[in-house]
Amino acid sequence: MPFKTIEWKNNTVRLLDQTLLPNEVKYLPIADEKAMWEAIRMLRVRGAPAIGVAAAYGLYVGVARTKPKNLKAFKRTVEKVAAYLATSRPTAVNLFWALKRCVNVASLMCEDTTVSAAHAELLAEAKRIHAEDFQTCELIGAHGAPLLTGCNGVITHCNTGALATAGMGTALAVILKAAEKTCFTVFADETRPLLQGARLTAWELQQAGVETRLICDNMAGSVMKRGMVQAAIVGADRIAANGDAANKVGTMPLAIVCQFYKVPFYVAAPLSTFDLKLKSGDEIPIEERSAEEITTFGGRSVAPRGTQVFAPAFDVTPAKLIAGIVTEVGVLRPPYKRSIAAAFHRKGRS
Ligand code: MRU
């Protein structure tokens, strides 16, 4: 990819500010945890895996800034800054997963560790999370690509590419790997209200040279009725133990339309997006965003002043609508309770 979504360079973390895309490519240096919190909250960095990587670096820069005097103070600061960053967005479990990994690293440091060694270890963990996500994306792409063999058209929702991860993406990695062998058109939902499909997915696919048609979210049915797509593939922000998957709002209606037209609907996500503590999708916390994200468009009002709004950022697709979940350890198939448990068992052993 000709851009880096998150970059650790010259002892600083830099983010590609996604709110400015596709019109401006601008990198934002992040000085402390407050700046990282704001960047995650405002979707300057977004997409479940990318949020996790960003939070890990945010934790490091936040702790380094406070310069704790001894290891005890260091561990306390790590917990405090992690708890603060965890309030930035509620749905993508990768945020909590990455922060927990870093907090664990800090809590396991033995008594004689110096504060500077402890800092270095915290940064090393952030870099490991970053590098692992890169590899995970490659594996997801490779496992999922055969699912799209023979397709003339594939539909996707939101943005699941390099901008949403530290690698080539999740669902978009599957699409890109498949596009190396099969020629198909990608139908990209624009993804109201913040247009991650139009601004980000279309931008990424254009750079990759993949034929793309941008559609409004409510056109998916028309595309399927005309037989223009043979598969749908999307990402996820949190997947429960039974396979119910939360993703950008609009995903669940897309899955329902797919079922009606008998188009297989796939989800692609790393194991870090699964939350096995949750039995079903009913338990997934769904972020609600501000009314302005719906009542305005491009900075202009599109609804009368004072209009009441309901603005869930995600919805949950029931497992029974999902034909397969592509992960770094392979494609999981229904019944998901069993295949998900087996995947974690395998991963634990490797
Ligand atoms: O609100 P966003 O842009 O962070 O939502 C992103 C999504 O819903 C993605 O589909 C999901 O995080 C998977 S990203 C590989």
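Please treat every number below as a calculation from the coordinates, not as lab data. Source: prediction; values computed, not measured. Here the Cβ positions follow ideal geometry from the backbone for every residue, glycine too, while neighbour counts run over all protein chains shown.
Rounded to the nearest 5, the antiparallel percentage of DSSP beta bridges internal to the chain is 55%.
Sorted fewest first by neighbouring Cβ atoms within 10 angstrom, His130, His157 come out as His130, His157. Seen from all directions on average, the range 1-44 presents a Cα convex hull projection of 3.2 nm². What do you get for the angle between helix 48-66 and the principal long axis of the chain? Use alpha-carbon atoms, 0 to 90 degrees, nearest ten. It works out to around 20 degrees. Pairwise Cα separations in the chain fall into 10 Å bins from 0 onward with the following percentages, short to long: 6, 26, 34, 24, 9, 2, 0. Measuring spread by the Cα atoms of the range 143-349 yields a radius of gyration and Dmax of 16.8, 57 Å. A straight chain from Gln207 to Arg128 at 0.36 nm per residue would run longer than the Cα-Cα distance by 25.7 nm. Kirkwood-type hydrodynamic radius, the range 6-138: 14.7 Å, calculated from all non-identical alpha-carbon pairs. Compactness ratio for the range 185-299: Cα radius of gyration over 2.2 N^0.38 Å (N = residue count) comes to 1.14.
Taking 41 Å as R0, compute the FRET efficiency from the Cβ-Cβ separation of Thr149 and Ile286 and round it to 0.05. So, using R0 = 41 Å, E works out to roughly 0.75. Using a cut-off of 25 Å between Cα atoms, the listed pairs Lys34/Lys279; Lys9/Lys34; Lys279/Lys320; Lys67/Lys100; Lys225/Lys279 include Lys34/Lys279; Lys225/Lys279 as exceeding that distance.
Is there a quick way to get the dipole size of the chain? I mean about its Cα centre, with the Cβ of Lys and Arg at +1 and of Asp and Glu at -1; what is the value in debye to the nearest 20? Dipole magnitude for the chain comes out near 360 debye. Remark: Tyr84, Tyr266 ranked as Tyr84, Tyr266, counting other beta-carbon atoms within 10 Å and listing the fewest first. Around the amide H of Arg192, modelled in the peptide plane, lie the amide H atoms of Asp217, all under 5 Å away and 5 or more residues distant in sequence or on another chain. Taken one residue at a time, the phi angles of the range 323-333 give Karplus couplings (6.51, -1.76, 1.60, θ = phi - 60°) of 7, x, 10, 8, 10, 6, 9, x, 8, 8, 10 Hz. Gly and Pro are set to x. In the Gaussian network model of the chain, springs joining C-alpha atoms below 10 Å, which of Gly324, Gly221, Gly58 carries the largest mean-square fluctuation? Of Gly324, Gly221, Gly58, the Gaussian network model singles out Gly221 as fluctuating most. Taken over the range 146-187, the alpha-carbon convex hull comes to 62 cubic angstrom per residue. Taking θ as phi - 60° and the Karplus parameters 6.51, -1.76 and 1.60, the scalar couplings of the range 243-251 work out to x, 4, 10, 8, 8, 3, 3, x, 5 Hz in sequence order, x denoting glycine and proline.
The residue list Gly153, Ala126, Asn94 was ranked by how far each Cα lies along the charge dipole of the range 77-196 toward its positive end, using unit charges on Cβ atoms, and Gly153 comes out on top. A cut-off of 5 Å between modelled amide H atoms, ignoring neighbours fewer than 5 places along the same chain, links Arg289 with Ala311, Ala313. Once the gyration tensor of the Cα atoms in the range 310-350 is diagonalised, the equivalent ellipsoid follows with semi-axes of 25, 13, 9 Å, ordered largest first. Using a simple spin-label model with points 7 Å from Cα along the Cα→Cβ vector, what separation in nm is obtained for Asn11 and Arg226? So the two model labels end up 5.7 nm from each other.
Comparing Thr212, Thr191, Thr165 in a Gaussian network model of the chain where C-alpha atoms under 10 Å apart are linked, the largest mean-square fluctuation is found at Thr212.
Each residue of the range 192-201 was assigned a 3J(HN,Hα) from its phi angle through the Karplus curve 6.51 cos²θ - 1.76 cosθ + 1.60 (θ = phi - 60°); the sequence is 5, x, 9, 6, 4, x, 6, 6, 10, 5 Hz, with glycine and proline shown as x. On full extension, the segment bounded by Phe344 and Lys262 gains 26.5 nm, given 0.36 nm per residue less the C-alpha separation.
Estimated purely from DSSP H runs of n ≥ 4, each contributing -39500 (n - 2.57), the mean residue ellipticity at 222 nm for the chain is -12500 deg cm²/dmol once divided by its residues.
With springs connecting C-alpha atoms under 10 Å apart, model the chain as a Gaussian network and identify which of Ser290, Ser339, Ser272 has the largest mean-square fluctuation. Of the options given, Ser290 has the highest mean-square fluctuation. If one computes the Cα centroid of the range 1-55 and of the range 96-167, what distance in Å separates the two points? Here the two parts' Cα centres lie 15 Å apart. With no solvent and one point on each alpha carbon, what is the Debye value of log10 I(q)/I(0) for the range 105-159 at q = 0.31 Å⁻¹? For the requested q values the scattering log ratios are -1.15.
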